[in-house]
1. Once you place label points 7 Å from the Cα toward the Cβ at C:LYS306 and A:ALA395, how far apart are they in nm?
2. For the range C:97-222, with only Lys/Arg (+1) and Asp/Glu (-1) charged at the beta-carbon, what is the dipole magnitude about the Cα centre, in debye rounded to 20?
3. Please report the buried accessible area for the interface of C with A, total over both chains, probe 1.4 Å, in Å² to the nearest 100.
4. What is the range C:242-374 by shape, rounded, prolate or oblate, if you read a ≥ b ≥ c off the alpha carbon gyration tensor as root eigenvalues and call it rounded for a/c under 1.5, prolate for a/b larger than b/c, and oblate otherwise?
5. For C:GLY280, what residues show an amide H to amide H distance below 5 Å, using hydrogens built from the backbone and excluding near sequence neighbours?
6. Averaged across A:63-70, how many Cβ atoms of other chains sit within 10 Å of each residue's Cβ atom?
7. Counting just the Cα atoms, what span does the protein assembly as shown cover along each of its three principal axes? Round to the nearest Å and put the largest first.
8. In nm, to one decimal, how far is the C:ARG121 label point from the C:CYS32 one, both placed 7 Å along Cα→Cβ?
Amino acid sequence: MYKYFPHTSDDIQQMLGVIGVQSLDELYAEIPEELKLKRELDIPSEKSEVEVRRIIGDLAAQNKPLLCFAGSGSYDHYTPSVVPFLASRSEFSTSYTPYQAEISQGTLQYIFEYQTMMADLTGMDLSNASMYDGSTATAEAMLMCVANAKKRNKVLISATSNPQVLRVVETYAKYHNVELVKVPAADGVMDKAEAKALIENDDVAGLIVSQPNYYGIIEDFSGLADLCHAHKALFAVNSVASALGVLRTPGEWGADIACGDAQSLGIPMNYGGPYIGYLCTKNELVRKMPGRLVGATTDAEGRRAFVLTMQAREQHIRREKATSNICTAQGFMCLFVASYLSLMGEKGLREVNEQSYAGAHYLHEALLKTGRFEDAFGPKPFLCEFTVRVKGDAAELRKALAEKGFLLGVETEGMPGCLTIAVTEMRSKQEIDSLISNI
Amino acid sequence: MAKVIEGLFYAESHEYVRVEGEYGYIGITDYAQSQLGNVVYVDMPEVDDEVTAGEEFGAVESVKAASDLFSPVSGTVVEINEALEEQPELINADAFENWIIKVKLSDPSELDNLLDAKAYEAICE
Amino acid sequence: MNNVYYGRLVFELSKPGRVGYSLPKSEISGYCISELPEGLKRQSKTILPECDELTVVRHYTNMSNNNFGVDTGFYPLGSCTMKYNPKLNEELCALPGFNRHPSTPVEYVQGSLKVYDEVQRTLAEISGLSRFTLNPYAGAHGELTGLMVIKAYHLQRGDVARTKIIVPNSAHGTNPASAAVAGFKVVEVKSLPDGTVDVEDLKPLLGPDVAGMMMTNPNTLGIFERNIPVIARLVHDCGGLMYYDGANLNPMLGVCRPGDMGFDVMHINLHKTFSTPHGGGGPGSGPVGVRKGLEHLLPNPQVEKKADGTYDLHCDAQSLGCISSFLSNFTVIIRAYAYLLSMGKENIPMAGKLSVLNANYIKECLKSHFELPIEGLCKHEFVFDGLRPEYGGDHHDPAHVTTLDVAKRLLDYGFHAPTIYFPLLFHEALMIEPTETESKDTLDDFIAVMKRIAEEARDNSEMVRTAPHNTPIRRLDDVKAVKEPKFTFKNL
C-alpha cells in the first residue's frame, strides 16, 4: 500500500463486505459513466521521500539570496528561534477552527492573547482573530465603513497608501459596488484640504489613511478624526504593525478602525505569505466587525475559559447577510505574533524600531552624500523606510545591485526614477556600508 | 405551549402588531422567542426610518442563530424599545410586553392581510 | 492532550525586568526615534509582557497540551477533510531558500515560481479545467475570487443585467456570504428529500438575470448530484456559469472531474484535499481554476512559464484585479507541491476511494443507533439526524439527548466531534467525514464509542447531557460570552 494509507487488503475486503459492495469502484456506482475519467491522471508518478526532498531542495537552491533592503509591505525582521519552534507543535498546527472549546483552549488562548496585543498596539478596544493580509484587512475596513453608514456608499482612501493595498481595496470596491475615491497626495502626504472638502459633502462613509505611508513618510493626522466624526464618517488608519510600538497609535489619532499587516511582528517574508492582516475597532462597532472573535467566559465549574463568540455576525449563521464571507482567516499566524510579542515585550519592540530607524537614517544620509540620490519629497519624518530619486536609471541601478547580491528597495510606483528602500534591525552596519560602497 | 394573545395582528414570519390608534407596536411572538432561545442582541432600526410591509427591519440574535425581522406593516419608526439594547433577554421574559419598534402606520388597510390569533395559533402547531 | 486545564495568560506571567530576546548591539549611533516630532510618537505604554525565554516556551507548550489536533486523534469534522498532514511537507516549506522578499526580481526566485506553476498545472489536470490562480488565501477567499471571475465575464461581454447567484439551500454558509460580498443577490434553490438539488424548483429561477450557480458535488450531505449534467445545461442555456465549491473534492480525485461535470469556475481548498495543515483555522489556500476562455480574468499577478522554460510574473489588463498583497500563502503552496509529488498519479485517486470507503463503513455500522435520513451510497461524508428515538433521540421527550450532547460526550472518549447542526436541512445534523488516512482500527474504535454513547443516552441520559466530563474544561457559558463581552485581557 502507501505510507499515508493505513488500509490493508484484508481491511478493505471486510469493509466492502459490511457496505455490501464488491469493489472500491462500485462505491461510485451511482455516478453516470459518461462523467467518469476513463484514464490515468496526466501527472507524475509517486515519488519517495528522498526524491521529493531532492526536487524541492533543488528548487529552493535556485532562489539566489539577496541581502534585503526592501519593505513596502514585507519586512525582514528578526524572528526569535522560539517562534517557529512553538509553531511546529502539531497540537496547534493540525487543529482546526476551535468549534469544540473544551478541547481547543490552546488555540483560543493564543488568539485571545493576540487580540489583546493587537488592540493594545493599535490603541483600540478590540481586535478580531485575524484577516488574510494587510490589503484584504483594509478592504474589510472599507466594507465596515459602508455597513456602518447604511445609506452612504462612498469611501475615501489616501493615495499615499501602498499600491498593493489600493489595488485590492479597489477590487473589493468595484465588485461590492462601493464608490472608492482616492484622496490625492501633496508632497508625499495626503492632501488634508482635499480630504476635508470631500468629507464636508456629507456623503462619505469613511476615510482610510496609511501610516507610515507607501513612501515611508510618517503623516500627521491631526484633526482628521474630528472632521470625520462631525460628518458621520468613520476614520480608519492602516499601519505597519511593528511601527505601532513607537508611533502615535490609530487610537491616539482618534480612529474608529485600525487595520494593516502584522507580518512585521516576527513572521518570515516567505515570498509573500502566509502573513496576517489585523483589524481592530471600538466596542460600538463590534457587530460590524467581520471574522472570528474569541471572548472570555466561564465553564460549568466557574473557571475562566475562552470561546468563539458573537458568531451571529458570521457567514455560517447569517449566510448572505453576514458582515463578511470570511471564515477563520490566518489563525495560526496569531501564534507567531503572540509568541513574538511575548518574547520581545515593549522593550524589544522599541529596540527593533530604534535599530531600524538608525540603520535607515544612516543609509539615507550616506546615499544623499554620494550625490547620486536626492529625497523624493524633501526632508520628511520617516521610521525605517524612505523614498529617494536616483540621478540616472533607477531600474538599472537596482538590477546592477541585485547582481552584486543586494535587493535595493522596490521601484516606487507612480514615481519613475525613484526607489523606496527599507532597513531593519537585521542589517548590520557592515552590510549597509557594503551596499554603499557597491553603489 | 407558546402564548398567543387575542386582539393582535400576526405575520406568518412570527412578528405581531399591537395597534393603538394610528400607531402599531411591533415585536416577535412568544412562539418565535421560544424557538430562538436566549436572545442576546436585537438589531433595531433608527427613529424616523421607514419600514415596509414584508421587508426586513432588523434582526434578533441568539448565541448560535439569528433571525431577520420582517415588518408586518408599513410606516415610520417613531420609537424603538431602548430597554432591549441593554437587556435583550426581556424578549424571552415576555415577548408581547417587550415590543421592538413603534411605528406610525402609513396604510392601516395592510392589517387586513395579517392573521388573527386563531389563525396564527394554527400555524404554530 | 492533557486533561488538566492550564488556562493562564502570558500577561499573568510577566515580571518587570525580564527579556526573552537578544539583538546585536547597534554599531550605528547618532540617530534616535526621540528626534521625531512629539505628536507623531506613541503616547501610551503597552500591555506587552516581560518574559524570559523558558517562561514563554513553557507557557505555549502547556497551552498546546490543552489542544486537540489531527496528530492527537480522530477528527471526523464533516466538510473539513481533516486528513493527516505529512511532516515532510513541513520540513520542505521551511527551507531557507524559500524565505524571500516578495518584491525580489523574478530571476532570483525561479525556484518559487516553478513550484507555483507546477502546482497550478497539476490542479488543472486533476480538476479538468484550463488554468488556476493560487493567489486566494482560503476557501472563502477563493469563492469570492471565483464569483468575481463570473461577474467580470458577464461585464466584459456587456451583459450588466446578471445580478443573481443561485445557491442550494444545503450549501455552506460561505457560498451566499461570498456572493453577497461580490455584489450579487442570492437566490436559494430547494433540495429534494434525497438531499440533491430540485431541478423543477431550479427551472423557474433561471433567466437573463442569473449570473451563475454555485454547487458542491458531492453536496454537503455527501450525496453525488446525479443531475449535474442537466443542471449545468440549464444554467448554461440561460447564459449563466457554473461554480464548483471544492470543499468536497476529496472523493472525486481521479474519478470524476469538475470540469467534466460542466463546471466553469471552481476553488480548491489545499488545506482539505491536499493535506496542508488547518492551523487552528488558517493559513489555508483557495486556488481558483477556470475553463478555457476565462483564463485572462484570473486575478493579477499571474505566474507565466515562458517558451525558454523560465518563469515570469505578468498582469493582464482584463483581469478582475488584485485580491492579495502578494502571491498567495506561499508556504502552503510548497506543502501541497510536496504532497502532490509524493502521492503521484497512483495514489491521488486512491485517496478519494478510501475516503469514500471509510465514510460508507461508518454509516453502515452506525445506522442502527443513529437516524440515517438518506439511505444509499454516500461519498466522503454523510449526515445523521441525531440519535434514533429508541436511543434517547425522541424529540417529543423533553429529556431527549441532542446532537450537541453526543458531540460533547465524544470529547470525553478522546475523539473530536463531527460537524454539528449543519447542513440546516436536518434539526439534529451530525456530519461525519473520516478521510482516507484513518485506519479501520480507528474507525472501529469510533463506532464502538458512538454505540456506547447511544446506549448511555438511552440508559443514563444525564451523563450525556452534562458531558464533557473528562476534558480540561467543562461546557462553557456562551450566553455570558456574548452578553458580557470580554475580548482582551484588559476586560478581565
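1. My value for the distance between the label points is 1.3 nm.
2. In total the dipole reaches around 360 debye.
3. Counting protein atoms only, the buried area is about 17100 Å².
4. It comes out prolate by the Cα gyration axes.
5. For C:GLY280, the qualifying residues are A:SER95, A:TYR96.
6. On the way: counts 15, 9, 6, 6, 0, 5, 1, 4.
Counting other chains' Cβ atoms within 10 Å and averaging over A:63-70 gives 6.
7. Here the Cα extents, ordered largest to smallest, are 88, 77, 63 Å.
8. With each label placed 7 Å out from Cα toward Cβ, I get 5.8 nm.
The values are calculated or read from the model by the stated rules, or taken from the named source; none is laboratory data. All values reported here derive from a predicted model rather than from experimental measurement. Positions of Cβ are generated from backbone atoms using ideal geometry, with glycine treated the same way; all protein chains shown enter the neighbour counts. Ligands, DNA and RNA are stripped out before the accessible areas are found, and what is left, the full protein with its side chains, is counted by its heavy atoms. Shrake-Rupley method; radii C 1.70, N 1.55, O 1.52, S 1.80 Å.
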